[in-house]
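Have a look at the structure below before the remarks.
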Amino acid sequence: MLRKLIKHEFRATARIMGPLYLVLLVTALGANLSTRGILETPYPVLNILGALLVMAFVVAIMAVCAMSIYLMVQRFYKNLLRDEGYLMFTLPASVHQQVWSKLIVSVVWFAATAVVVMLACVVAVYQ
């Protein structure tokens, strides 16, 4: 039953984390292009655009980290301690299995977030 709980958690959280990771990688690519070409032009409008792209990349990193923490806390709170908890506790799984499934999925998503942030930083600075 633990495997089924983990599978359900991954599906539910991947709907949000997947697009966030994609946005982070796209902004990393935009920051890379802006540092390579746009920031070295004599035109002030392009300099401002390049600075905005780099700032969007930094905001995307912070947003992905904050959203991963928020999403995992929210899923734990809503699924076990709110109205959905009634349905979760009617499943043929022990409380330990339900808590462990949430904990395992959270640790995996935090590790994935760290890997994606590092990959995005490499993409942003690679020339």
**Request:** Report, in degrees rounded to the nearest 10, the 0 to 90 angle that the Cα long axis of helix 44-76 makes with the longest principal axis of the chain.
**Result:** 10 degrees
**Complete:** In degrees, nearest 10, the alpha-carbon axis of helix 95-125 is tilted away from the dominant principal axis of the alpha carbons of the chain by 10 degrees
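Would you mind working out the magnitude of the charge dipole of the chain relative to its Cα centre, with +1 at each Lys and Arg C-beta and -1 at each Asp and Glu C-beta, to the nearest 20 Debye?
Around 460 debye, computed over the chain.
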**Message:** What is the ratio of the Cα radius of gyration of the chain to 2.2 N^0.38 Å, with N the residue count, to two decimals?
**Reply:** 1.39
**Request:** Could you tally the net charge around Leu49, taking each other residue with its Cβ under 14 Å from the Cβ of Leu49, Lys/Arg +1 and Asp/Glu -1?
**Result:** 0
**Prompt:** At each listed q (0.15, 0.20 Å⁻¹), what is the log10 of I(q)/I(0) that the Debye formula gives for segment 1-69 modelled as equal alpha-carbon point scatterers?
**Reply:** -0.58, -0.79
**Prompt:** Cα axis of helix 2-33 to longest principal axis of the chain: angle in degrees, 0 to 90, nearest 10?
**Reply:** 10 degrees
**Fill in**
Sorted by accessible surface (1.4 Å probe, heavy atoms of the protein chains only), largest first, Glu40, Glu9 come out as Glu40, Glu9
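For the chain, which whole percent of the accessible surface, found with a 1.4 angstrom probe, sits on carbon and sulfur atoms?
76 percent
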**Request:** Calculate the length of the line joining the C-alpha centroid of segment 84-104 to that of segment 22-57, in whole Å.
**Result:** 45 Å
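The values are calculated or read from the model by the stated rules, or taken from the named source; none is laboratory data. Owing to the predicted nature of the structure, the values given are computational and were not obtained by experimental measurement. So basically every Cβ, Gly included, is an ideal-geometry build from the backbone, and we count neighbours across all protein chains shown. Heavy atoms of the whole protein, side chains included, go into the accessibility calculation; ligands, DNA and RNA do not. Shrake-Rupley method; radii C 1.70, N 1.55, O 1.52, S 1.80 Å.
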